[in-house]
Amino acid sequence: MGFRARKLTNLARSTIWILGFQLASAAFSLTSAAGPYKPSRELIELSNLLADFQTRLNARTGIKGLLIGGGSSRAVLDHIYFNKKLEMRDLDIFVVADRAVTDEYCKEIGLALEGPALGRFSIEDLRPRPRYNPNLPFPHEFRAGWGFFWIAEDGRIFDLSVFDSEKTLKYNGVFSIDRIMLPLDGEQTLEKLAKKVAAVQPAQLSRSGLIRDLADGYTHWLSGHAELLGPESFMRDPALATLRSIRTFNKLRIKNLPPSFLAFVREAMKKAGPTHRLQMGRNFLKMLEDKEAAEELKTLAQAEVLSAWSTELEVLLKTIREKELVRILKLPRIPYQPRGPPEAMGKYLQLLDSLSTYERLKLLMDIATVEAPAVTYEVSKEIRKISPSLADVWSEGSFSEACFQSQECRDRIARALSSETLSSGERERLVVRALLGFRKPSDRETVFQNLAGRRLGDYNDFQKIWMVARNGYYTGVYNPMHLGHLEAAEQAVRDMALDQLVLMPTPATGHNETPLPWETRMEIAQLAVKNRSGLVVIDKSYESALRESTGKAIAKLVGSDPNAKWFHVMGSDSLTRYLERFGGTRDPNITVYAIARGQSVEVLKTLVAGHPGVVIGKGVAKASIGGQESERSSSVIRKRLQAGQSISGLVSAPVEDYILKMKLFQAPKVQQGLCPDLLTESPLY
């Protein structure tokens, strides 16, 4: 472990010391009901369910025991001691296989045991269970096993984690209160364990030997604090970990996140990979079920982690007043019964109504595997706007639920339905393309006929035009790449329903200022597009072609997939010069997508009326810096850096961190007399 990792670990430990000893308050009264303990009907039903599960699992795998863990263990103990309702949308169960667990092994278990009691096996949720072990080499992680869900018709989730060995269990859970486990086996049912537990004082339970609680988690839970045991585990998915932590802190009556904890989370976010979108959606729904959901949401916005999932949602929660948020979260009427609590789904829909169509569809489909009927209904409303016939087929369920299993299909559906430029006919064909794309090629013609009949013509013709890749490229100096570039690029991906857009930092420039070295701008670009769906940076193998001319690099890129439909993205300020130079589009097979800047969309459409290969997109918003509007401009960023001013809100957080760390743009470097090259000039800002 390096010095930086040690420093971060110490920061996390000091954070939890603050939480535990300065901000904590008692969570529960320790007085339990008088008289002999009598298990409730709900506990007996759960005990019977787990006993049946144990029997079937043992017959299939030879695994004998199981443990109730996570939040489920605390819920069961609170029910036993304080008669709190036994309400768990997720039931967290751990088992030890005493073997190397594989995804295929877990898939066999999931399929074998699915049925009315547990629900449908959710294969899309089958994923590894990474854990943090400080004794291993950096990054101190190992795969402890695999996990997956069964989802019942009423939305309840049976969450099973299958671990390789007993010793890996001690690394399970980030906080001490997450490491409480209730052991059950063939002889000891939950009902029997509950009677034994009830005979022990709650404060003495952790050391009674009846449960597994080496970190004194239940004692911490009762006294209203928690100890962070594996801070580096936040590095895997800090957005998801923070969302879960905020719910945990709220249960402990901790209302405000300490500055040191926020600093730790923001440091983790700079190094984070993509968040798990389904898990974010599921846990966000859980947060909406909480009585103090509005307060938790404002705390989540304060932590600044939601941008890993939805920038629009983070901006909404940051700017909206809590009273208005409470009003929005009042239960609306929804015309169907969701699998889970209708309150949570209703609140989710209310929040999403404040977002763009694209973001709303993405966040809806993130929870599709747990709320398929509701999401099918909501998406069908958007499809109906362009094609009632296609919406009817989608609403039957088989097509929608199959699509929900594929991230590519979900992304393509969201882009096709949210385009503000494409016609209804084009958008309908792109939806059909999305529904065919993840199917076997041999099945596509049959599926096409079921979806469209003869309405969209012959399948062979459709395949040649619509079943090809939709790629774009976006050239520029990017000195440096900023949020205006990224938002314009993402708009192009949405508006033209692109599969990917390649950003191409060019070595030369027509500006009167020498840019940073190409290698540095490439590194900044890689940081900028990190975790942004649909955006990629040109491969470094194109360097020699780029240094010769931008046109040669473009020709090489287009030639790498000659069957694809290609789009050239640029700013409208470059469009006039582009049209003058080429007398129209440079290549009749390439569509130009120009983003309005400084002129209205209507004026630009008049300008390109005689050029059918040019499409105009709306402009992107300005930045808000210190409460004032500012152009998202590379030159503005350079000037602010030279003046020692903040560039927060103009570039992404990883880019800002890199620029400040490397002390870039600290002094102006002016070089006169450079020969301009139209195609290497920054096409936007």
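The values are calculated or read from the model by the stated rules, or taken from the named source; none is laboratory data. The structure displayed is predicted, hence computed values, not measured ones. When we count neighbours, we look across all protein chains shown, and the Cβ atoms used for this are built from the backbone with ideal geometry, even at glycine. The protein model used for the area step is the full one, side chains on, heavy atoms only, and it has no ligands, DNA or RNA in it. Shrake-Rupley method; radii C 1.70, N 1.55, O 1.52, S 1.80 Å.
Miscellaneous remarks
- Residue in segment 455-478 that is farther than 25 Å from Met365 by Cβ, open to solvent by less than 30 Å² (accessible area, probe 1.4 Å) and modelled with pLDDT under 90 present: no
- Among (1) open to solvent by 10 Å² or more (accessible area, probe 1.4 Å); (2) of a type outside the set (Phe, Trp, Tyr); (3) in a helix (DSSP H, G or I), the one test that Ser354 misses: (3)
- Qualifying positions in segment 260-294 - crowded, with 18+ Cβ neighbours inside 10 Å and not in a helix (DSSP H, G or I): Ala272, Thr275, His276
- Just one residue in the set Leu516, Leu501, Leu535 is at pLDDT below 95 and aliphatic (A, V, I, L, M); that residue is Leu516.
- Filter result for Gln188 (more than 27 Å from Glu141 (Cβ to Cβ) and either open to solvent by 50 Å² or more (accessible area, probe 1.4 Å) or touching a Lys or Arg at 6+ places or on another chain (Cβ under 6 Å) (or both)): no
- The residue list Leu257, Leu325, Leu317, Leu297 contains one member that is open to solvent by less than 30 Å² (accessible area, probe 1.4 Å), in contact (Cβ under 8 Å) with a residue 40 or more places away in the chain and not polar (S, T, N, Q), which is Leu257.
- Verdict on Ser635 being at pLDDT 85 or above, over 22 Å from Arg532 (Cβ atoms) and assigned to a loop (DSSP other than H, G, I, E, B): no
- Residue in segment 146-155 that is under 24 Å from Ala215 (Cβ atoms), in contact (Cβ under 8 Å) with a residue 60 or more places away in the chain, buried (at least 21 other Cβ atoms within 10 Å of the Cβ) and within 23 Å of the chain's Cα centre (by Cα) present: no
- Selection from segment 112-134 of residues that are at pLDDT below 85 and surrounded by 20 or more Cβ atoms within 10 Å (Cβ to Cβ): Asp125, Arg131, Tyr132
- Residue match in segment 208-217 (condition: crowded, with 22+ Cβ neighbours inside 10 Å and modelled with pLDDT of 95 or more): yes
- Of all the residues in segment 71-130, those that are in a helix (DSSP H, G or I), among the basic types (Lys, Arg) and in contact with a helix residue (DSSP H, G or I) (Cβ under 8 Å, 6 or more places away or on another chain) number 1.
- Some residue of segment 100-111 being among the hydrophobic types (A, V, I, L, M, F, W, C), in contact (Cβ under 8 Å) with a residue 12 or more places away in the chain, crowded, with 17+ Cβ neighbours inside 10 Å and more than 24 Å from Gly281 (Cβ to Cβ): yes
- Only one of Ser165, Ser122, Ser161, Ser176 that is of a type in the set (S, T, N, Q) and out of contact with any strand residue (DSSP E or B) (no Cβ under 7 Å at 6 or more places or on another chain): Ser176
- Scope segment 417-428; condition surrounded by fewer than 17 Cβ atoms within 10 Å (Cβ to Cβ) and under 18 Å from Arg360 (Cα atoms); matching residues: Glu420
- Checking Ala414, Ala374 one by one, the residue that is buried (at least 21 other Cβ atoms within 10 Å of the Cβ), out of contact with any strand residue (DSSP E or B) (no Cβ under 8 Å at 6 or more places or on another chain), small (Gly, Ala, Ser) and within 30 Å of Arg632 (Cβ to Cβ) is Ala414 and no other.
- For beta carbons closer than 6 Å, sequence separation of 6+ or different chains, a first residue in segment 178-198 that is part of a loop (DSSP other than H, G, I, E, B) and a second that is acidic (Asp, Glu), the qualifying pairs are Ile180/Asp213.
- Leu527 meets all of the listed conditions (1) touching a helix residue (DSSP H, G or I) at 6+ places or on another chain (Cβ under 7 Å); (2) closer than 23 Å to Arg410 by Cα but one, namely (2).
- Hits in segment 400-411 (condition: crowded, with 17+ Cβ neighbours inside 10 Å, over 12 Å from Leu436 (Cβ atoms) and modelled with pLDDT under 90): Ser400, Phe404
- Residue that is more than 27 Å from the chain's Cα centre (by Cα) and of a type in the set (Asp, Glu), where the choices are Asp185, Asp178, Asp237, Asp159: Asp185
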